[in-house]
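First the structure, in the form of C-alpha cells, and then the observations on it.
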C-alpha cells in the first residue's frame, strides 16, 4: 500500500521544541563550570542485569571498565577511529547496547 501526502502533522513554529542543530549549538556554548576529576578505578556506571539467576543486580563499572569498552570497539573494528562519535541506537541499560554504543 502506498501512502500519499503528509501523514504526520507539521510541528507548529511556536511549539516548545529544540531542533537537534540548535541543541548542539547550545551545548557548544556551555562552559563547564563543574568539572570533576576522576581516576580510572572510580565508579562510572551501574549496569543492571538479571544475570543467569534472574535476580536483578547492579554491576558497577569503573571509568577504566567503561572506557575499555570504547577502546575494544575501535581495536576490533577498523571502520571506527579514535575520536569518532556515534549515535547510540540501542538501549544503554543493556550490556550489549552499552558495549557497542
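The values are calculated or read from the model by the stated rules, or taken from the named source; none is laboratory data. Just so it is clear, the model here is predicted, and its values are computed rather than measured. Cβ: placed from backbone, ideal geometry, glycine included. Neighbour counts: every protein chain shown.
Which of the helices (runs of 4 or more DSSP H) found entirely inside the chain contain at least 2 residues meeting this: at pLDDT 85 or above and surrounded by 10 or more Cβ atoms within 10 Å (Cβ to Cβ)?
20-29, 63-76
Are there any pairs, at least 6 apart or on different chains, whose C-beta atoms fall under 8 Å, with the first in region 31-50 and at negative phi and the second part of a loop (DSSP other than H, G, I, E, B) and surrounded by 10 or more Cβ atoms within 10 Å (Cβ to Cβ), and if so, which?
Every condition considered, the pairs that remain are 44/38; 47/93; 48/93.
Quick check: anything in region 45-54 within 19 Å of the chain's Cα centre (by Cα) and closer than 22 Å to residue 85 by Cβ? Please lay out each step first, then the result.
Filtering region 45-54 for residues within 19 Å of the chain's Cα centre (by Cα) gives 45-49.
If we keep only those that are closer than 22 Å to residue 85 by Cβ too, we end up with 45, 47.
Scanning region 45-54 turns up at least one residue that is within 19 Å of the chain's Cα centre (by Cα) and closer than 22 Å to residue 85 by Cβ.
Residues of region 18-41 being touching a strand residue (DSSP E or B) at 6+ places or on another chain (Cβ under 7 Å) and farther than 26 Å from residue 64 by Cβ, which ones? Break it down stepwise before answering.
Step one: filter region 18-41 for residues touching a strand residue (DSSP E or B) at 6+ places or on another chain (Cβ under 7 Å), giving 40-41.
Those that are touching a strand residue (DSSP E or B) at 6+ places or on another chain (Cβ under 7 Å) and farther than 26 Å from residue 64 by Cβ: none in region 18-41.
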